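What follows is a set of notes on a single structure, which appears directly below.
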Amino acid sequence: MRICVVGCGAVGSLFAANLAQLDDVEVWAYDASQAHVDAINANGLRLSGAGEVTGRLNATTDASALPPCDYGIVATKAMHTDAAIAATAHAFADGYVATVQNGLGNEQTLARHVERVIRGTTFPAGKILEPGHVQWDVKGDTTLGPYDERTPLEVVERLADACTRGGMPTKAVADARGPQWRKVIFNASTNPIGALTGLTHGRVCERPDLRALVGGLVDEGKAVAAAQDIVLDADPEDLIDHAAQKHVAYDHKASMLQDVEAKRQTEIDYLNGGIARFGREYGVPTPLNDAIWALVKGVEASW
Amino acid sequence: MMSVCVAGAGTIGSLLAGHLGRVTDVSVLVRREEHARALNRDGLRVSGRADFTARVTASTEPADLPVPDLVIVACKGSDLEGVAARLEGEFDGATVMTIQNGLGAEEVVAARGAWPLLSSVTFMSGTRHSDTHVEYILDTETWIGPNRGTTANDARLVADLLDTSGLKAQAFDDLRPAQWSKLVFNATVNGVAALTGLPHDPHFAGEPLGDLVHALVDEGKAAAAASGVELWEDPWEMNVLATQRGSAHSPSMLEDVRAQRPTEVELINGSLVRAAHAAGVPVPLQETIYALVRGKEAGYSA
């Protein structure tokens, strides 16, 4: 089985290095960073932290160097999906392409370039320490499911099995929208509040007015999911309260806050912007998500 | 000619004291000794739309200053409690005028003494270059109306004094329509600027931020209507007009957030939200801005 990870940042690297442990899988990685690619080819891709793993794989910045692959795993930031899949689509002419990205709309973007798409949501997280070396912060589950009838569940199960054997526990399900929307609602209701105020997750949740705002954002997201008959696999409210505990993620600075501090484009269009877009499509008003989306777009415009 | 004490010499206080110092006796109540010494020594220079230096008498103690006919409390809203407390028991016989953004400044001052009160709001702006130098940038009007124990005629006398000094002023029989127009405008524009980091530029009238600004203004208008106030100007039109001026103004709340200073969020956004609740009008978006700005203050130096 040949798998290409498209976008070998922190999350992509977790998949690539773990899958490279398997004898029956040949791993490729496509990434825009020449330094990262060179380091991987010279010394392998090293993970440390939650797990110590070094994977041997073929990395390239040149999409035309990719051989035909059975699977793609797209792990770029959401705003880079279109360019990344446009460049690599030829490698998946007979294969299946999974997204493990944040947000809404990535599957639709992939489906404009490739025939067979797998929807996915992943919880593990990390950060790049230096080229070729990634800090594995949190372990967690991944859920994959067919995007439409062109992708049979058995094909998804084969990829999930490989990921699980490699050390990334992954479930294949018929409808992966539940976990996807649970994560999107969680992120859209918490990340931008941290980004706009500068507060950590725990400090947002202990202010009653901000916690009420988070709850209002969650309610809108749930209403948009319900209008599409999506059954969430867990209540985002419970996850938010769980994460706010001192020993869990009280001091966690949302990735969007880190983006804002570094003046990097955020994923707001795919989080609150995505919920608002689906809301309009299904006739569910989302005034709070609209407001938060507009404010973060304003922050980006101020740079 | 009416003598004046300006309490608080930030940008607005300095613009008032400097201009008025050309035409009448002006004293200035400040917080720092060094500031008082500099003003007594050098006077107060106004540049920009005018260029002159006015003599003023400054002190950190109200008791050191002559009792004026008019006290203008010109400090920022976030300093109002402290300044009002220092006026308690002083300046008996003077009329006191507030000029803070938002609602409720009159009540804060009223609680500290029995002076007759005037209300005002100002749209002028400037940049304070030093303790003794302020640049006059926007020569927009100050609006004045009667409050406790005063009449429209008292407001008119003060407006005339400001006009004579080179500032622009207008007297109203009832300031509330104008005060509310500015309240809705400030709660919206200052809040959005503080949260996004954008000065008041064309983004505020475009997509997608203009949609939010419009929705925030609509909530404010509904709160005003339910409070029995017919707005003097449409805050949305004020917003559009201001974004077309060419040079984008940084609202004070944005300046405060940049410098990690306490903002006027309570007098502005807090007043609007509380008034809306009292009138039974839902304002979820204004509540969002209020909560986020308060959260941003809580995150200073984090």
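The values are calculated or read from the model by the stated rules, or taken from the named source; none is laboratory data. Worth saying up front: this structure is predicted, and the values here are computed from it rather than measured. For neighbour counting, all protein chains shown are included, and Cβ atoms are generated from backbone atoms with ideal geometry for every residue, glycine included. Keep in mind that these areas ignore ligands, DNA and RNA; they rest on the heavy atoms of the full protein, side chains included. Shrake-Rupley method; radii C 1.70, N 1.55, O 1.52, S 1.80 Å.
Structure notes:
- Output for segment B:224-257, where each listed residue is in a loop (DSSP other than H, G, I, E, B) and without any contact (Cβ under 8 Å) to a residue 12 or more places away in the chain: B:Gly228, B:Arg245, B:Gly246, B:Ser247
- For segment B:185-199, a residue qualifies if it is assigned to a helix (DSSP H, G or I) and more than 14 Å from the chain's Cα centre (by Cα), and the qualifying residues are B:Thr188, B:Val189, B:Gly191, B:Val192, B:Ala193, B:Ala194, B:Leu195, B:Thr196.
For (1) part of a strand (DSSP E or B); (2) under 19 Å from the mean Cα position of the chain (by Cα); (3) surrounded by fewer than 18 Cβ atoms within 10 Å (Cβ to Cβ), each residue gets a yes or a no:
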| site | (1), (2), (3) |
| --- | --- |
| B:Cys5 | yes, yes, no |
| B:Gly18 | no, yes, no |
| B:Arg22 | no, no, yes |
| B:Arg37 | no, no, yes |
| B:Arg41 | no, no, yes |
| B:Ser47 | yes, no, yes |
| B:Thr53 | yes, no, yes |
| B:Pro68 | no, no, no |
| B:Ile72 | yes, yes, no |
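Yes/no per residue for (1) open to solvent by 30 Å² or more (accessible area, probe 1.4 Å); (2) in a strand (DSSP E or B):
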| site | (1), (2) |
| --- | --- |
| A:Arg119 | no, yes |
| A:Ile128 | yes, yes |
| A:Val134 | no, yes |
| A:Gly145 | no, yes |
| A:Asp148 | yes, no |
| A:Val155 | no, no |
| A:Ala160 | no, no |
| A:Thr164 | yes, no |
| A:Met168 | no, no |
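- Per-region count, segment A:67-83, residues over 19 Å from A:Met168 (Cβ atoms) and open to solvent by less than 10 Å² (accessible area, probe 1.4 Å): 2
- Only residues that are among the basic types (Lys, Arg) and open to solvent by less than 50 Å² (accessible area, probe 1.4 Å) were counted across segment B:119-145, and they come to 0.
- When segment A:1-57 is limited to residues that are within 21 Å of A:Asp94 (Cα to Cα) and open to solvent by 20 Å² or more (accessible area, probe 1.4 Å), the one that is nearest to the chain's Cα centre (by Cα) turns out to be A:Tyr30.
- Residues of segment B:264-302 that are at positive phi and either without any contact (Cβ under 8 Å) to a residue 24 or more places away in the chain or within 11 Å of chain A (Cβ to nearest Cβ) (or both): B:Ser301 alone.
- The set of residues in segment B:128-185 that are among the hydroxyl-bearing types (Ser, Thr, Tyr), farther than 18 Å from B:Ile12 by Cβ and touching a strand residue (DSSP E or B) at 6+ places or on another chain (Cβ under 8 Å) contains only B:Thr150.
- Checking each residue in segment A:206-255 for being assigned to a helix (DSSP H, G or I), among the charged types (D, E, K, R) and touching a residue at least 24 places away in the same chain (Cβ under 8 Å) picks out A:Glu206, A:Glu220, A:Lys222, A:Asp241.
- Total residues in segment A:170-187 satisfying the condition of being assigned to a helix (DSSP H, G or I), open to solvent by 10 Å² or more (accessible area, probe 1.4 Å) and farther than 21 Å from A:Met256 by Cβ: the figure is 1.
Yes or no, residue by residue, for (1) closer than 23 Å to B:Ser120 by Cα; (2) in contact (Cβ under 8 Å) with a residue 24 or more places away in the chain; (3) of a type in the set (Lys, Arg):
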residue	(1), (2), (3)
B:Thr11	yes, yes, no
B:Arg22	yes, yes, yes
B:Val28	yes, yes, no
B:Arg32	no, yes, yes
B:His35	no, yes, no
B:Asn40	no, no, no
B:Gly43	no, yes, no
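- When B:Val265, B:Val281 are checked against the criterion of being out of contact with any strand residue (DSSP E or B) (no Cβ under 6 Å at 6 or more places or on another chain) and surrounded by fewer than 23 Cβ atoms within 10 Å (Cβ to Cβ), a single residue qualifies: B:Val281.
- Of the set (1) in contact with a Ser or Thr (Cβ under 9 Å, 6 or more places away or on another chain); (2) aliphatic (A, V, I, L, M); (3) more than 14 Å from every other protein chain (Cβ to nearest Cβ), all apply to B:Ala223 but (1).
- Complete set of residues in segment A:277-289 that are surrounded by fewer than 24 Cβ atoms within 10 Å (Cβ to Cβ) and within 7 Å of another protein chain (Cβ to nearest Cβ): A:Pro287
- Qualifying residue in segment B:243-251 (condition: aliphatic (A, V, I, L, M) and more than 22 Å from B:Ile12 (Cα to Cα)): no
- Scanning segment A:291-303 for residues that are assigned to a helix (DSSP H, G or I), open to solvent by 10 Å² or more (accessible area, probe 1.4 Å) and either aromatic (Phe, Trp, Tyr) or at the interface with chain B (Cβ under 7 Å from one of its Cβ atoms) (or both) yields a count of 4.
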